[in-house]
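Every read-out reported here was derived from the displayed coordinates using simple, explicitly stated rules and does not represent laboratory data. Because the structure is predicted, anything quoted here is derived from the model rather than measured. Cβ placement follows ideal geometry from the backbone for every residue including glycine, while neighbour counts extend to all protein chains displayed.
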């Protein structure tokens, strides 16, 4: 598997992002999901990567710079055909490496609540993320939670 910086133009990448948005809206009432759409992921403070398994999109992930010393993991998603193959762990390891190389002292993320998010939470906690307070412009609610890691 190769993780490469991406420009969000490949149709399979766009399809995975649409699936990600659809799932977020399905599991979080309108107005309570902070998942980014295609245009928002193209902001100058966001870097976006795709995990490729040969010619297949295995997953995608993004990193947003919050400040010169902190970042936020955005839109991490594994393609359904590649679940339970270690794709999410590889992407998370990659993001942690990039964050450290940028000199970040911390990373944060916002995710949903409920059983559907349990596998992601288990992965984040395995890598040292801990539950914490809202950050950036997020508002806490019953459908989201916040995780942080010190680097």
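Observations on the model:
- Label positions at residue 53 and residue 133, each projected 7 Å from the Cα along the C-beta direction, are separated by 4.1 nm.
- Once the C-beta distance of residue 151 and residue 121 is scaled by a Förster radius of 25 Å, the resulting FRET efficiency is 0.80 to the nearest 0.05.
- Over segment 44-120, Cα pairs under 8 Å with separation of 6+ residues give a relative contact order of 26 percent.
- When you count the other C-beta atoms within 10 angstrom of each residue and take the mean per peptide, 113-119, 12-18, 46-52, 56-62 line up highest first as 56-62, 46-52, 12-18, 113-119.
- Segments 96-102, 128-134, 4-10 sorted - mean Cβ within 10 Å per residue, highest first: 96-102, 128-134, 4-10
- q = 0.20 Å⁻¹: log10 I(q)/I(0) that the Debye formula gives for the chain, counting C-alpha atoms only: -1.46
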